[in-house]
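For reference, the structure is listed below as structure tokens.
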Amino acid sequence: MLLNKRLIDDSNNSNLATHKRSYDYIAGGINNIEAIIQKLADFQVAIPSWALGTGGTRFGRFSGGGEPGNLEQKIEDIGLLHALNQSSGAISLHIPWDIPSNADEIKKLAGMHDLKFDAVNSNTFQDQAGQQHSYKFGSLQHIDKAVRKQAIEHNIEVIKQGEALGSKSLTVWLADGSCFPGQLNFRKAWQNTYESLQEIYAALPADWKIFVEYKAYEPNFYSTTVGDWGQSYLYTSKLGPKAYTLVDLGHHLPNANIEQIVSLLMMEGKLAGFHFNDSKYGDDDLTVGSINPYQLFLIFNELVEGMDAKGMNHASDLAWMIDASHNVKDPLEDLLQSIEAIMIAYTQALIVDTKALKEAQEINDTVAAQEILQTAYRTDVRPLVAEARMRTGGALKPLQVFRSLQVREQLIKERGQATVATGL
Ligand code: RM4
Ligand code: MN
Ligand code: MN
């Protein structure tokens, strides 16, 4: 399904007067407003191909209907999101869940929706039909060289798939670890993983990067072989300049200071980018900004400050991606909410009075520092985000348009009630 641009314009026109009032009110107080709007227009967040269907837990899965049944339909879904918010201009593929049968055709289709291919993701956490060796006890860490070899070859195959699509990076997330004390030798597991990663690294094209993602636990519940940013950093710093550490927000132990992690990784030039989501307890799949939007803002504050200090391009020097699974919400609505939350946090970070903050830090004025951050955080920047969307051809109110045009109902009509998307 394609959205009729005129219907988006109609909706914008009916919301315009109210929007203008709130936009003028807030924009009037910001000096570099045009530069900020441009940054928002440039900022794109990749949508993972596995997040367009209903997720589930091990207790059950409740499909909402109209799910994309193949990669073409997934691209179509991301095209819908991008038409509405103009901020989801990229797709991140998970192989083998979404192997393009014809890379050129898929590339063309994505191009028609104005979408690029972001990082490709390998999968050695599940066994696929017909696979020779099992990943039950790990993949790149496995005690058996033959299993490691199979996992290395899969990653190299994923790089090839990504090359054909124009991707420039490989994300490796490993489920490797152990469920019980004594199950494996930590050093041996680390060493095997490192050697395996070295082989994958050697297969990277010259202009590619490898992102090593960490996760504290799940599916292994005693140890994870890339369990935290320190372990990931150890791999990436030893691997070489093309290796970076990827931060998935939901992959930390409760209350971890993620903004500090981000700041230090950037300082070392080793931050790959993000998998955005939110979590309350141990989940890594809730809608971005749904539980702790202040933390998201603090992370963006470090990002903006760190990127500016290094003269980095906000839109292109780090990888931005959502990584979530939707159990009770319509996946497309959830993704619209997630992108909105990211854009809001980014905008708030852009309006922080950095000069005043530096001055407060220089004289240990803790009270002033808090006031400065919270002044930005408590500013309702939604009209700025909406303005950037409208100027680039998107909707002032994406979710409202999605509902009033009955997009999901149409998708159910086209695809049926019982389709099941590959993914989580
Ligand atoms: C993992 C991790 C990976 C993602 C898989 C599906 O928890 O976040 O990035 O590819 O889930
Ligand atoms: Mn992730
Ligand atoms: Mn995850």
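Just a few scattered comments:
- Selection from region 224-238 of residues that are of a type in the set (Gly, Ala, Ser) and crowded, with 18+ Cβ neighbours inside 10 Å: Gly227, Ser232
- Output for region 194-220, where each listed residue is within 14 Å of ligand 1 (Cβ to nearest atom), on the phi < 0 side of the Ramachandran plot and either part of a helix (DSSP H, G or I) or not aliphatic (A, V, I, L, M) (or both): Phe211, Glu213, Tyr214, Lys215, Tyr217, Pro219, Asn220
- Matching option when the condition is aliphatic (A, V, I, L, M) and more than 17 Å from Asn15 (Cα to Cα), among Leu384, Leu411, Leu399: Leu411
- Val226 vs. criteria modelled with pLDDT of 95 or more, assigned to a loop (DSSP other than H, G, I, E, B) and within 21 Å of the chain's Cα centre (by Cα): yes
- Positions within region 160-178 being within 16 Å of ligand 1 (Cβ to nearest atom) and either surrounded by fewer than 24 Cβ atoms within 10 Å (Cβ to Cβ) or touching a residue at least 60 places away in the same chain (Cβ under 8 Å) (or both), in sequence order: Gln161, Gly162, Ser167, Ser169, Thr171, Trp173, Ala175
- Yes/no for Ala206 being surrounded by 15 or more Cβ atoms within 10 Å (Cβ to Cβ), more than 18 Å from Ile152 (Cα to Cα) and either among the hydrophobic types (A, V, I, L, M, F, W, C) or touching a residue at least 24 places away in the same chain (Cβ under 8 Å) (or both): no
- Matching residues in region 35-70 - criterion: being of a type in the set (D, E, K, R) and part of a helix (DSSP H, G or I): Lys39, Asp42
- Checked across region 131-149, the condition of being within 16 Å of ligand 1 (Cβ to nearest atom) and in contact with a strand residue (DSSP E or B) (Cβ under 7 Å, 6 or more places away or on another chain) holds for no residue.
- Scanning region 281-299 for residues that are more than 16 Å from ligand 1 (Cβ to nearest atom), over 14 Å from the mean Cα position of the chain (by Cα) and not aliphatic (A, V, I, L, M) returns Ser290, Asn292, Pro293, Tyr294, Gln295, Phe297.
- Within region 239-352, strands (runs of 3 or more DSSP E) holding 2 or more residues that are crowded, with 18+ Cβ neighbours inside 10 Å and away from ligand 2 (no atom under 13 Å from the Cβ): 243-248
The values are calculated or read from the model by the stated rules, or taken from the named source; none is laboratory data. This is a predicted model, so every value here is computed, not measured. Cβ sites come from the backbone with ideal geometry, for glycine too, and all protein chains shown count toward neighbours.
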